[in-house]
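Asker: To start, I am sharing the structure in question, which I have written as structure tokens.
The values are calculated or read from the model by the stated rules, or taken from the named source; none is laboratory data. Note that the structure is a prediction, hence the values are computed from the model and not measured. Note: ideal-geometry Cβ built from the backbone for every residue, glycine included; neighbour counts use all protein chains shown. Calculation scope for accessible area: heavy atoms of the full protein, side chains included, ligands and nucleic acids excluded. Shrake-Rupley method; radii C 1.70, N 1.55, O 1.52, S 1.80 Å.
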Amino acid sequence: MTADERTARLLAPGTIVSHFKREMTDSPDPLRYLYKIVGVARHSETMEELVVYEALYGSKGLFCRPLDMFLSPVDRDKYPEAKQNFRFEFYRASREEL
């Protein structure tokens, strides 16, 4: 899979992604660190692309993060025990599959 294909799959609205800290927690919540992609937006002043995503746990907050940061690899110096290669990775195509 190319980087562009990975990005398109990851950012499709409705896709469920996991944050790399998911496998590093002992939380009893099976949805901890899982998020649903809402879409990609542009900052109205800078035109920077931002990924909008919703937590599937807790208060189900809505978040946004710069696209480059969302797609970035895990900082191995800071988190050497992380199993994922990237900050967010594909988990499921939709919430119905959870």
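The rows are residues; the columns are (1) among the hydrophobic types (A, V, I, L, M, F, W, C); (2) within 20 Å of Cys64 (Cα to Cα); (3) out of contact with any Lys or Arg (no Cβ under 7 Å at 6 or more places or on another chain).
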| site | (1), (2), (3) |
| --- | --- |
| Asp4 | no, no, yes |
| Leu11 | yes, yes, yes |
| Gly14 | no, yes, no |
| Val17 | yes, yes, yes |
| Met24 | yes, no, yes |
| Asp29 | no, no, yes |
| His43 | no, yes, yes |
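Asker: Further, regarding this structure: When residues of the stretch 2-48 are filtered for being in contact with an Asp or Glu (Cβ under 9 Å, 6 or more places away or on another chain) and of a type in the set (S, T, N, Q), how many remain?
Answerer: 1
Asker: Restricting to the stretch 37-69, and then to whatever is under 15 Å from the mean Cα position of the chain (by Cα) and of a type in the set (Lys, Arg), can you tell me which residue is most open to solvent (accessible area, probe 1.4 Å)?
Answerer: Lys60
Asker: Here's another thing I want to ask about it. Of all residues in the stretch 1-46 being touching a residue at least 40 places away in the same chain (Cβ under 8 Å) and of a type in the set (Phe, Trp, Tyr), which is farthest from Lys83 (Cα to Cα)?
Answerer: For the stretch 1-46, the residue satisfying everything is Tyr35.
Asker: Still on this structure, please answer the following. For the stretch 66-85, how many residues meet the condition of being without any contact (Cβ under 8 Å) to a residue 12 or more places away in the chain and not charged (D, E, K, R)?
Answerer: Of the residues in that region, 1 qualify.
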